[in-house]
Every structure is written in structure tokens, then in C-alpha cells.
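> Here it is, the structure, as C-alpha cells.
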Ligand code: FES
């Protein structure tokens, strides 16, 4: 059975913003997009910067260090010829105003 861990409440992250949480020793960024909440591994696979501190454009987060883009919904790197730099995505559940993340990768 899937394990979910409550990380915050819906008002804690406004639409278009993100926050980072440590879950089981991993830093995971939670993003509030207009169509819901999404979660991806936070460290940038290029050089480890926090993606949650980057610039959000639609459903792509751009790393603040070298501007690589990563899809919030699929974790794919948007830079040409760099598909191997995918970040892990996680299932998010919202019940009432509680935001939970599935602690095993989706
Ligand atoms: S550290 Fe993120 S693009 Fe370089």
C-alpha cells in the first residue's frame, strides 16, 4: 500500500509558488500549479542547486544557476540532448486542505 506523508496545507503554497521539504532524508520540491500540486526531487541533477528556488514558467522550473529547465509534471529535462538528467516525480494527494506526498517514487 502506498505511503503518503503530509507536508503542508494548501494555503501554505500559493499558485505559482513552491516550497521544499525533507522527507525520509530526501529534499523534495512541492509546486502549486493552476491545475494542482506536483512534487519532484529538489536537487538539480546538473550541479545540485535547489530547483524550488528557481524560476517557474508554466509547468517548467528553470534552475537559478545555469537555467536548465525541468518539467514539473514529468521530471524531464527540457534542454536539448540531455534527457538523461530527469528528476524523480512523486504522487501528490490533496485531501481537505492537507497536501501529502507518496514517499515512494511514482
Ligand atoms: S546547477 Fe542547475 S542547471 Fe546547473
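The values are calculated or read from the model by the stated rules, or taken from the named source; none is laboratory data. On a predicted model such as this, the values are computed, not experimentally measured, just so you know. Here the Cβ is made from the backbone with ideal geometry for all residues, glycine too, and neighbour counts use every protein chain on show.
> Take residue 79 and decide whether it is more than 13 Å from the chain's Cα centre (by Cα) and at pLDDT 95 or above.
The answer is no for residue 79.
> Moving to a separate point now. When only residues in segment 11-22 that are in contact (Cβ under 8 Å) with a residue 24 or more places away in the chain and outside any strand (DSSP E or B) count, which is surrounded by the fewest Cβ atoms within 10 Å (Cβ to Cβ)?
Only one residue tops the list, namely 11.
> Let me ask something else about it. In segment 23-42, what count of residues is obtained for those that are modelled with pLDDT of 95 or more and either part of a helix (DSSP H, G or I) or surrounded by fewer than 17 Cβ atoms within 10 Å (Cβ to Cβ) (or both)? If you could, list the steps in order and put the result at the bottom.
Within segment 23-42, the subset modelled with pLDDT of 95 or more is 27-42.
Restricting the remaining residues to those that are either part of a helix (DSSP H, G or I) or surrounded by fewer than 17 Cβ atoms within 10 Å (Cβ to Cβ) (or both) gives 27, 33-36.
Count: 5.
> OK, next. Which condition breaks for residue 65 when tested against (1) within 17 Å of residue 27 (Cβ to Cβ); (2) in contact with a strand residue (DSSP E or B) (Cβ under 8 Å, 6 or more places away or on another chain); (3) within 11 Å of the ligand (Cβ to nearest atom); (4) in a loop (DSSP other than H, G, I, E, B)?
Result: residue 65 fails condition (2) only.
> Within segment 47-59, work out how many residues are buried (at least 16 other Cβ atoms within 10 Å of the Cβ) and either within 14 Å of residue 86 (Cα to Cα) or in contact (Cβ under 8 Å) with a residue 40 or more places away in the chain (or both).
Count: 2.
> Answer yes if at least one residue in segment 86-105 is assigned to a loop (DSSP other than H, G, I, E, B), touching a helix residue (DSSP H, G or I) at 6+ places or on another chain (Cβ under 7 Å) and either in contact (Cβ under 8 Å) with a residue 60 or more places away in the chain or surrounded by fewer than 18 Cβ atoms within 10 Å (Cβ to Cβ) (or both), and no otherwise.
For segment 86-105, residues assigned to a loop (DSSP other than H, G, I, E, B), touching a helix residue (DSSP H, G or I) at 6+ places or on another chain (Cβ under 7 Å) and either in contact (Cβ under 8 Å) with a residue 60 or more places away in the chain or surrounded by fewer than 18 Cβ atoms within 10 Å (Cβ to Cβ) (or both): present.
> Something else: Confirm whether residue 8 is crowded, with 16+ Cβ neighbours inside 10 Å, in contact with a helix residue (DSSP H, G or I) (Cβ under 7 Å, 6 or more places away or on another chain), at pLDDT 95 or above and closer than 24 Å to residue 104 by Cα. Can you show your working first?
Numbers: crowded, with 16+ Cβ neighbours inside 10 Å: yes; in contact with a helix residue (DSSP H, G or I) (Cβ under 7 Å, 6 or more places away or on another chain): no; at pLDDT 95 or above: yes; closer than 24 Å to residue 104 by Cα: yes.
No.
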